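Down below is the structure, laid out as structure tokens.
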Amino acid sequence: VQLQASGGGLVQPGGSLRLSCAASGTIISINAMGWYRQAPGKQRELVARIISGGSTNYADSVKGRFTISRDNGKNTVYLQMNNLKPEDTAVYSCTVVVRGGTAYWGKGTLVTVSS
């Protein structure tokens with residue numbers, strides 16, 4: 001399974017970005033898809049996750065600003081990020097958990113929020 005993330009970049013505070021992550025390869029069933037981020041000098045943290053039934057989880061710091069969604073037909077997960085803040089600056093990585101519990105990770109994409 002390969003994951004290809006895109007959509008990162010430089011944005012001003014208050015701006016928006018949309019991240020995408022497409023999974024390819026032999027995929028029988030996906031249990032969950034999600035986004036993590038790691039800022040310089042900090043531990044990686046869960047940003048948002050969506051499971052097969054459609055339930056979602058968000059970090060408290062992004063609730064109300066970020067929205068995770070999924071296109072099952074394309075095995076793609078999206079992260080719509082609105083009202084971005086400088087503290088959202090980080091490398092964002094997508095992950096997919098397939099049936100059986102194996103997790104796959106994509107290369108990160110850098111999001112920089114700065115004026």
Gyration tensor (Cα only) of the chain to equivalent ellipsoid, semi-axes in Å sorted down, yields 24, 14, 13
Taking just the C-alpha trace of the stretch 19-81, give me its Rg and Dmax in Å.
-> 12.3, 37
For the chain: accessible area per residue (Å², 1.4 Å) | 54 Å²
Integer Hz, Karplus 6.51/-1.76/1.60 couplings in order for the stretch 5-11, x for Gly and Pro | 9, 8, x, x, x, 9, 9
Karplus ³J(HN,Hα) for the stretch 57-65 (6.51 cos²θ - 1.76 cosθ + 1.60, θ = phi - 60°; Hz, whole; x = Gly/Pro) runs 10, 10, 5, 4, 5, 10, 4, x, 10
Radius of gyration, Dmax [the stretch 63-115; alpha carbons; angstrom] | 13.3, 44
Reciprocal mean inverse distance between Cα atoms of the stretch 1-49 - Kirkwood radius, Å = 13.1 Å
Phi to ³J(HN,Hα) by Karplus 6.51 cos²θ - 1.76 cosθ + 1.60 over the stretch 100-112, Hz, x for Gly, Pro = x, x, 6, 9, 10, 10, x, 5, x, 10, 7, 10, 10
Rounded to 0.05, the calculated FRET efficiency for the beta carbons of K107 and E45 at R₀ = 22 Å is 0.75
Please work out how much length the chain gains when fully extended from K63 to N82, using 0.36 nm per residue of separation minus the C-alpha to C-alpha distance, in nm with one decimal.
-> 5.8 nm
Carbon/sulfur fraction of accessible area - the chain, other protein chains in place, 1.4 Å, % | 45 percent
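The values are calculated or read from the model by the stated rules, or taken from the named source; none is laboratory data. Remember, it's a predicted structure, so these values are computed and weren't measured experimentally. Glycine also receives a Cβ, built like all others from the backbone with ideal geometry; neighbour counts cover every protein chain displayed. Calculation scope for accessible area: heavy atoms of the full protein, side chains included, ligands and nucleic acids excluded. Shrake-Rupley method; radii C 1.70, N 1.55, O 1.52, S 1.80 Å.
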